[in-house]
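Beneath this line is the structure, given in structure tokens, with notes to follow.
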Amino acid sequence: MASKPAVRTAARSEALDLRSPFERWAESRTSLLATAATAAASRPGPASDPESTARSVCAEVVHALWDERTQGDRQWLTPWKERGTSLHLKQLATRVAKSIRDLSVIEAAYLISSLYTALLPSQVRAERGAFYTPPVLAERLLDLVAAEGVDWLTVRALDPACGGGAFLAPLANRILNDHRIQCLPPRERMHHLEDRLAGIEIDAFAAWMSRTFLQLIAYPLSQSTGKELEIPIFQGDALRVAQHRRFDLIIGNPPYGRVSLDTEQREVFRRSLFGHANLYGLFLDAALRWRSPAGLVAFVTPTSFLGGQYFSRLRDLLLKEAPPLVVDVVEARTGVFESVLQETCLAVFGPNPGRTTVVHLLDVSDRTVKATRAGAFSLQQSAGCPWFLPRSPAQARLAARIASLPTRLQDLSYKASTGPLVWNRHKGQLRSAFQRHTYPLIWAEAVRKNQFGFTYRSRAHAPFFAPEKAQDHLLCGGACVLVQRTTAKEQDRRLVACAVPPEFIARWGKIVVENHVNVLHATGPDPVDPVALAAILNTSTVDQVFRCLSGTVAVSASELHALPLPPREVFQTVAQLVAKRDPGPELDAEVEAIVARAYGVETV
Ligand SMILES: C[S@@+](CC[C@H](N)C(=O)[O-])C[C@H]1O[C@@H](n2cnc3c(N)ncnc32)[C@H](O)[C@@H]1O
């Protein structure tokens, strides 16, 4: 009888709101996004500036968070001034700050700073590589460096792309919570912190958020010392600042994406560049320079540096100066970074020649992370060679063996290259039907698992090509195997290959291969059977081996050259088998078993 009103009261009471702060935040975030859109649309003056809207919305939320946590004491807050803040926005910001009152400053800071990136125009977000790190991953990286011997009492740490303070804030917490620092008087604690941390950030608003969140963490110290916390956070381009200080720890989640460099910068980073420059590769190179001799670099990065050709010189540099000591691969299904498609890892680099690299597989959810040790692996030491590291438990068993398998494509008398025809440069030469002096045009659609299909469903795929004079380089003849260059992310395999039937080549003489297809040409005097080569590339085992050297959906000629393959005899066995058996699941299973044994495993 008495319980009814109590339940009703509880349901109305904010203090007993049973939704998690994250759920409440998600609701507030949705209304904030809508308000931001309205604010942007109703701004007076010239075309609305979404960046300025993002700043004004988030500044109001940061101010409200500050007021909520300090009972409105703004003595140590330098507010952000942005034009066009409405009363409605202020009220909404206060509601948001309330909705996350149960969260730590670090979790609240992440939610607010990721609201900022969500409000930025997608092009600006992509150009700056502004995808902020969730607290669970930042804490995990800090645990890894602590396990590598970083001491919170003495560490000097730099985040060169500090965003909203995803690493600086938990670093400050760890330093302040160290019992050896806790026993110091407040003024010394404050000095100590100021002396230990530094940040660089190109985006002035993000730099302000970093500074403000750190000041909020140090608010009790400011109260007792009467002094504002002053962590040096430099606003500018980290790749162009002269950095004279050395740090024991360079930590962060640097931006990534291809960039074109001017001559001066190309010269600065020449030692680690091979072809296209990628921002995160430049940050890794720069971090090696900012590091003290025994210092560590701990970065969240895409995994492409482990195997990609563009990172071959960077790998050589890392091997010489600071090889990866630990790599945590974030499991693909997790989707930790909103709208980031690349496979991600946490890696700690440091001086320790000859040591193996420990790999963990990370299963990340909103607020927890589960790490499973996959093993310790030796890195390939030869120049430019990819490093074979597993991204799943199945690959862990393979990765230990494949580095020692010597056979590569060239030992089987094949050479890989990219299909030479970039169709939109030759639009006028595409033909919808055979004519004199035309050749079959092979699109990726023709390449299926162990099956070549010269009939196209897509109407955009013209089946013939009319080469002009001096375009012999576009023609390809002789025995060859085709491999798709990209597969869809959700597709269960990366390698899709087929042999071009000899009778097809005999009929047409030559073929023209489009740019989304890799061509493996028979080169030497004794190439292995192309049908067997395709069948072996199509096995799940080789697919998993390939994934140990590439975390992307792209399959490049250089990766195909680097792929460890079974010895020649296995190709002969498979060639005999496919010659006398009908295609189908039974044959596939037999080939699979033969290939798995060649890699020293039963199945994958
Ligand atoms: C991937 S976010 C990571 C931010 C933060 N460290 C974190 O983990 O949440 C990369 C950050 O680098 C900043 N950035 C991009 N280019 C930069 C540059 N050349 N120098 C300094 N910061 C840069 C972006 O504005 C963005 O805040």
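The values are calculated or read from the model by the stated rules, or taken from the named source; none is laboratory data. All values derive from a computational prediction rather than experimental measurement. Methodologically, a virtual Cβ is constructed for each residue, glycine included, from the backbone with ideal geometry; neighbour enumeration extends over all protein chains shown. Heavy atoms of the whole protein, side chains included, go into the accessibility calculation; ligands, DNA and RNA do not. Shrake-Rupley method; radii C 1.70, N 1.55, O 1.52, S 1.80 Å.
Structure notes:
- The criterion of at least 1 residues that are more than 24 Å from Leu430 (Cα to Cα) and open to solvent by less than 40 Å² (accessible area, probe 1.4 Å) is met by the following helices (runs of 4 or more DSSP H) wholly inside the stretch 450-562: 530-537, 540-547, 557-562.
- Checked against (1) at pLDDT 90 or above; (2) within 16 Å of the ligand (Cβ to nearest atom); (3) not assigned by TED's automatic domain parsing to the domain that holds Leu184, Gly164 meets all criteria but (3).
- If only residues of the stretch 187-211 that are open to solvent by less than 40 Å² (accessible area, probe 1.4 Å) and acidic (Asp, Glu) are counted, the one that is farthest from the ligand (Cβ to nearest atom) is Glu194.
- Tabulated pairs, the stretch 235-250, first touching a residue at least 24 places away in the same chain (Cβ under 8 Å), second near the ligand (Cβ under 7 Å from one of its atoms) and open to solvent by 50 Å² or more (accessible area, probe 1.4 Å), C-beta under 6 angstrom, 6+ apart or interchain: Asp237/Ile202
- Residue match in the stretch 178-186 (condition: within 12 Å of the ligand (Cβ to nearest atom) and open to solvent by 40 Å² or more (accessible area, probe 1.4 Å)): no
- If only residues of the stretch 226-259 that are among the aliphatic types (A, V, I, L, M) and near the ligand (Cβ under 7 Å from one of its atoms) are counted, the one that is most open to solvent (accessible area, probe 1.4 Å) is Leu239.
- Residue in the stretch 64-72 that is in contact (Cβ under 8 Å) with a residue 60 or more places away in the chain, in contact with a Leu (Cβ under 7 Å, 6 or more places away or on another chain) and open to solvent by 10 Å² or more (accessible area, probe 1.4 Å) present: yes
- Helices (runs of 4 or more DSSP H) wholly inside the stretch 87-139 that include at least 2 residues being hydrophobic (A, V, I, L, M, F, W, C) and either at pLDDT 90 or above or within 20 Å of the chain's Cα centre (by Cα) (or both): 105-119, 122-128
- Conditions (1) assigned to a loop (DSSP other than H, G, I, E, B); (2) surrounded by fewer than 22 Cβ atoms within 10 Å (Cβ to Cβ); (3) more than 14 Å from the ligand (Cβ to nearest atom); number of the one not met by Asp143: (1)
- Among residues of the stretch 374-396, those that are part of a loop (DSSP other than H, G, I, E, B) and buried (at least 16 other Cβ atoms within 10 Å of the Cβ), counted: 10
- Of all residues in the stretch 397-438, those satisfying the criterion of being farther than 25 Å from Pro527 by Cβ, in a helix (DSSP H, G or I) and at pLDDT 90 or above are Trp423, Asn424, Arg425, Lys427, Gly428, Gln429.
- Per-region count, the stretch 245-281, residues part of a strand (DSSP E or B) and either within 21 Å of Leu144 (Cα to Cα) or not assigned by TED's automatic domain parsing to the domain that holds Leu158 (or both): 6
- For the stretch 573-586, taking the residues that are open to solvent by less than 60 Å² (accessible area, probe 1.4 Å) and in contact with a helix residue (DSSP H, G or I) (Cβ under 7 Å, 6 or more places away or on another chain), the one that is nearest to Thr603 (Cα to Cα) is identified as Val574.
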